[in-house]
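Here's the structure we're looking at; comments come further down.
What follows draws every value from the coordinates through simple rules; no lab data is involved. Only a predicted model underlies this, so the values are computations on that prediction, with no experimental measurement involved. For neighbour counting, all protein chains shown are included, and Cβ atoms are generated from backbone atoms with ideal geometry for every residue, glycine included.
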Ligand code: URA
């Protein structure tokens with residue numbers, strides 16, 4: 001399974017702000033958005049391009065356009081924290097939502113809502129910031145594939161070995177773009193060192 005760790009000083013800087021327990025919600029939210037620009041840029045770095053003839057104010061030339069439509073799927077709740085950056089970069093993207101909640105005892109995903117646009121010929125970016133057990137992301141991949149997706153990239157902030165293993169087993173062709181590979185999971189299935197509960201930190205619900 002292709003895994004890309006974004007290798008950029010800004011990515012590490014933003015991630016450090018997110019990991020810091022003293023970062024308050026407004027800065028956490030802004031920083032998640034900034035990091036998402038870098039992650040989404042990487043997740044689209046191999047998108048096919050088509051030539052586009054245009055005229056500058058001086059002469060005709062040839063530019064490029066994206067050769068594939070893009071669908072962005074936010075996995076509730078934390079994926080919502082990355083969606084604004086994705087739409088800033090790709091205003092034409094269509095949006096899907098995958099509502100899943102983890103059972104706090106088993107960490108298994110419990111689905112409660114999905115809504116997807118057509119995605120057959122699109123690059124599908126699944127925004128799942130915390131790749132912990134892999135259950136939610138693997139479930140979201142199942143859903144988008146059942147909806148016709150064939151070109152799927154996962155956009156994660158922090159990834160744990162357990163989650164990558166599940167993805168390798170269940171969706172080996174899905175590319176994972178992440179800002180960090182962390183050490184392990186806690187007994188409560190939180191990523192270590194991680195950044196805590198991403199949804200709580202984004203939305204101030206802790
Ligand atoms: N979800 C989170 O928000 N944080 C983790 O560490 C794991 C899953």
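Shape of the range 54-98 from its Cα gyration tensor (a ≥ b ≥ c, root eigenvalues): rounded if a/c is under 1.5, otherwise prolate when a/b > b/c, or oblate?
Prolate, because a/c is 1.5 or more and a/b exceeds b/c.
Note down the relative contact order for the chain as a percent, whole number, built from C-alpha pairs under 8 angstrom at least six residues apart.
In percent, rounded to a whole number, it is 24.
Starting from the Kirkwood Rh over alpha-carbon pairs, what translational D in µm² s⁻¹ does the range 62-125 have by Stokes-Einstein at 25 °C and 0.890 mPa s?
Using the Kirkwood radius from Cα pairs, D works out to 187 µm²/s.
Cα axis of helix 25-43 to longest principal axis of the chain: angle in degrees, 0 to 90, nearest 10?
The angle comes out near 50 degrees.
So how tilted is helix 161-170 from the main axis of the chain? Cα-based, degrees 0 to 90, rounded to 10.
For 161-170 against the chain, the angle is about 60 degrees.
Taking the Cα atoms only, what angle lies between the long axis of helix 80-89 and the longest principal axis of the chain, rounded to 10 degrees?
Value to nearest ten degrees: 10.
Could you tell me which of rounded, prolate or oblate describes the range 1-123, using a ≥ b ≥ c as the square roots of the eigenvalues of the alpha-carbon gyration tensor, with rounded for a/c under 1.5 and, failing that, prolate when a/b is larger than b/c and oblate otherwise?
Taking the square roots of the gyration eigenvalues as a ≥ b ≥ c, the range 1-123 is oblate.
What fraction of the DSSP beta bridges in the range 15-144 is antiparallel, stated in percent and rounded to the nearest 5?
Taking every DSSP beta bridge within the range 15-144, about 55 percent pair in antiparallel fashion.
Once you order the gyration tensor axes a ≥ b ≥ c over the Cα atoms, which shape class does the chain get: rounded for a/c under 1.5, otherwise prolate or oblate by comparing a/b with b/c?
prolate
For every helix of n ≥ 4 consecutive DSSP H residues, a contribution of -39,500 (n - 2.57) applies; sum these over the chain, divide by its total residues, and give [θ] at 222 nm rounded to the nearest 500 deg cm²/dmol.
-10000 deg cm²/dmol
Please tell me the relative contact order of the range 127-206 in percent, rounded to the nearest whole number, where contacts are Cα pairs under 8 Å and at least six residues apart.
The value is 32 percent.
Translational D (Stokes-Einstein, µm²/s) of the range 130-206 at 4 °C and 1.567 mPa s when Rh comes from the Kirkwood sum over C-alpha pairs?
100
Can you tell me which of 79-91, 24-36, 48-60 comes out highest on packing, and rank the rest after it, using the mean Cβ neighbours within 10 Å?
Descending packing order for the listed peptides: 79-91, 24-36, 48-60.
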